Each structure stands twice: as C-alpha cells, then as structure tokens.
Amino acid sequence: MKNSKKIITVILLLLIVSYVVYAIYLLIVDPTDTYIIKQGTLSEEDSTSGYVIREEYVVKEENSNGIYAIASEGEKVAKSDSIFRYYSDSEKQISTKINELNYKIQDLLEKEKYEPSADIKSIENQIDNQIKSINTLNNSQEISEYKNSIDSLISKKINFIGDVIDNKEIKQLVKERKTYEDQLKKGSQYQKAEISGIVSYRVDGLEDELVVDNFDNLTEEYLENLGLKTGQIVATSSDCGKVIDNFKCYIAVTMNSPKAMESKVGDNVEIRTSNKKEIKAKIVQINEESGKRTIIFQTNNLLDEFISHRKIAIDVIWWSESGLKIPNQALIEENGLYYVMKNKAGMQSKMLVKLKGQTDKFSIISSYSAKELQAIGYNEKDIRNYKKISNYDEIMLNPQE
C-alpha cells in the first residue's frame, strides 16, 4: 500500500509538472494575449512644401513717390474703399514736421493725467502687443514692418487724444498736427479697391504668374524654377499694394506617395500648416508627370500664413478617423467583413465590427448601425441580437490561431 501511494504521488507530480511545462510552452510559442480597447485617432499624411496661389489684384501707379497705407495689412475692405494714397511731392518735409509734433505731444502726455477712451485703450493695447512682438524678432525686414505699424498706431492714438484731453497746449499741438495732415491729404491721389477682399502690401512679382488661369502649366520644374525658399516672408512693398480674394486660396504641391498617386479631383483632405492649424481643402486639379503628380488644392481659409508667404511647409492629411483603436492582429477578415474576438471572464465571442480606417499597425473600428446591418444582409432578428463593441472591452490578439 505504501509503495502504491508513492507511485500515485509520483505520477501526479509528473502530471502537474508536465502540465506546467506545456502551459509555459503554449505561452511562449502560441501566446493568447489580450488587448483592452481604448479611444484613439489614426491618420495618413504626407509632409511636403506647397506653393500658395491667390486670386489677387495688384494696384500700382508708375512714377509714384511711394504710398501711405490707409487700410492696414490684412484688413478687409469693400469695393471702392480707399486702400492707400500716393505720397505728394512735399510729403517728406510735412511728415518730418508731423513726427516732431508727435514727440512733443508724447512728452506732454507722459506728464498729463487723463482718462483714456475705449478707442485709445484699444490702440494702446495694440501698441503694447506690437512692442512685445518686436522684442522677439531678429529679422530686419520684420522689425521695420512692426516699427511702421507702431508709428501708424501712435498717429491714430494722437488723433483720438485731441478730442478727450483738456490740456490747452496739447490740444493746440494736435490741431497743428491735423493741419499738416490735411495738407498731405489735399490734392493726394487715392487708390480704391476694385473688388472686396483683404489688403496686403506684400508684393513679390508673382501675382501675374501664379494665377488660377495658369494651373495647366504648373509642374515640379516650373515651380522649382521660381527659386523660392520655404518659409521665406514676402517683403512689404513701399510703392504698391494689392487686394486678395478673401474666400479662396490654392496650394500646389508635387508628390509621388501612394495616396497622392491614387487621389482624384474632388477628394477632400485637410492641410496642416507649420503653426499646427488644420483646414479643410479639396483637390481641384491634378497634372500628371513622370512618376509623380502636381496636385492643386483649394481652401476657403485665407490664413495669415498664406498671405505673408509664397512657399510654405505643409502636411497633407489624406484621412483622419477617431474611434476605438485596436492592433491589426486583433482583426479577423471573412468575406469582406471584419470581426474581433471578445474575451469576457474567459468566455470568447465573435463580434462583427465596422472598419473605419487602418494603418500598418493599428485600425479604428466602430459598431454598425441598424440601417448598415440591414444593408449587408442582416435580418430583423440578427439586428436585434447584434452586440456592439465598446470602449474598454477586452479582445483577443491573433484570434484566428
């Protein structure tokens, strides 16, 4: 009896050890991993450089002495609104006198206590913001543009002060200053907007070349021969301006990625700019080249970046989907439909899911609606019994194994 008990004990121990070894073998060779479903976002995108094409109308008078901006950079104007005026022959002398008065008025204001109006406070806030911005710049062109903008804001501030200040000396100086301004305006030639849109003084000479009527000629070689640098700011002109259609803007890119090569006119995408803004766009033309394409996107968002630059760095987002994110190895494909194996307390059930988007490693899935189930052949009973997949459900990886 003692020998029999020992034999049985040894056999049981051998069986237990064999089971443990076999279980470890299965975990190593054929693992049964699970995955907890969570919300996520997937997208497919390409990074490239784009050429900005705008519907714009340059306004320029030959043999002018320069211009004085009435509408500021980026300001919206209606048709027939005054954009700027041309400098008169006596502009330099009168402007010098106005600047001298500005300094005198500013010195007196620093000693004067007064309650600024809402308009003056608004201008002072703009001046403060411009000064903060100018301290972060190291580009001489940008610094000069900010300085001109600050001078213009100071002039507007002084004009408002003349109406609210009680100091007689300041009032007299403001009145004298206004007399000089009237002399500048008298007999000056004003330029009005021929269309409604956005005013800009950033003129690069490509306004008549990169146009909508020239889409057929846009190729990689044509665009590269323009010699533009990505991210370079278009310089402000001192003798002309333009009005830009504030509803449409076009971006031309040359690409050869798989998504670019299979894209079609009319496809909707999103464009992400260097400042991380994402805007909707649509393909309006595709010019075929050898092994690549020049694609032209249209957007109805005229961002500041599209006005101040001609060539910019962008990301073309071909598609983006949000929903339940799972690894691709959790999917089972059968007859064009996709399933996952849900694991609940050791019990597994096969669940039909809708595939919304997929990359090399992950997929975005969701549940079907009743109407969608009916469209793929489900009857009323099957639709009633259909179980929806949910966030934090546990599913099997490599379920087909």
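Where a number appears in this text, it was derived from the coordinates with a stated rule and is not lab data. Every value quoted in this text rests on a predicted model; they were computed, and no experiment measured them. A quick note on method: Cβ atoms are made from the backbone with ideal geometry, for glycine too, and the neighbour counts reach across all protein chains shown.
Report the net charge of residues surrounding GLN39, where surrounding means a beta-carbon distance below 14 angstrom and charges are Lys +1, Arg +1, Asp -1, Glu -1. Result for the neighbourhood of GLN39: +1. Under 15 Å of direct C-alpha separation, and excluding same-chain neighbours fewer than eight residues apart, LYS185 reaches these aspartates and glutamates: ASP89, GLU91, GLU176.
Computed over neighbours whose Cβ is under 14 Å from that of TYR368, the net charge equals +4, Lys and Arg +1, Asp and Glu -1. Close amide H partners of ILE67, meaning residues 5 or more places away or on another chain with modelled amide H under 5 Å apart, are TYR87. When shorter helices are ignored and each DSSP H run of at least 4 residues is given -39500 (n - 2.57), the per-residue value for the chain at 222 nm works out to -11000 deg cm²/dmol. Here ARG310, ARG272 are placed in order of increasing Cβ neighbour count within 10 Å, fewest first, which gives ARG272, ARG310.
Each Lys and Arg contributes +1 and each Asp and Glu -1, all at the Cβ; summed about the Cα centre of the chain, the dipole is approximately 2180 debye. Simple point charges give the picture: +1 on the Cβ of Lys and Arg, -1 on the Cβ of Asp and Glu, and for region 88-187 a dipole about the Cα centre of about 180 debye. The Cα-based radius of gyration of region 196-270, divided by its Kirkwood radius, gives an Rg/Rh of 1.00.
Computed about its Cα centre, the charge dipole of region 219-267 is approximately 160 debye, with only Lys, Arg, Asp and Glu carrying charge at their Cβ. In the distance distribution for region 88-187, Cα-Cα pairs more than 24 Å apart total 30 percent. Rounded to two decimals, the Cα radius of gyration of region 294-394 over 2.2 N^0.38 Å is 1.56.
Calculated on the Cα set of the chain, radius of gyration then Dmax: 34.5, 129 Å.
In straight-distance terms, cross-link reach from LYS147 covers every one of the lysines whose alpha-carbon lies under 16 Å from its own, apart from those fewer than eight places away in the same chain; here that gives LYS132, LYS156, LYS157.
By the beta-carbon count within 10 Å of each Cβ, the least crowded to most crowded order of PHE160, PHE362, fewest first, is PHE362, PHE160. For SER196, the residues whose amide H sits under 5 Å from its own are LYS79, ignoring neighbours fewer than 5 places away on the same chain, with H placed 1.01 Å from N.
D for region 266-349, whole µm²/s, Stokes-Einstein with Kirkwood Rh over alpha-carbon pairs at 20 °C and 1.002 mPa s: what number? Stokes-Einstein gives a translational diffusion coefficient of 127 µm²/s.
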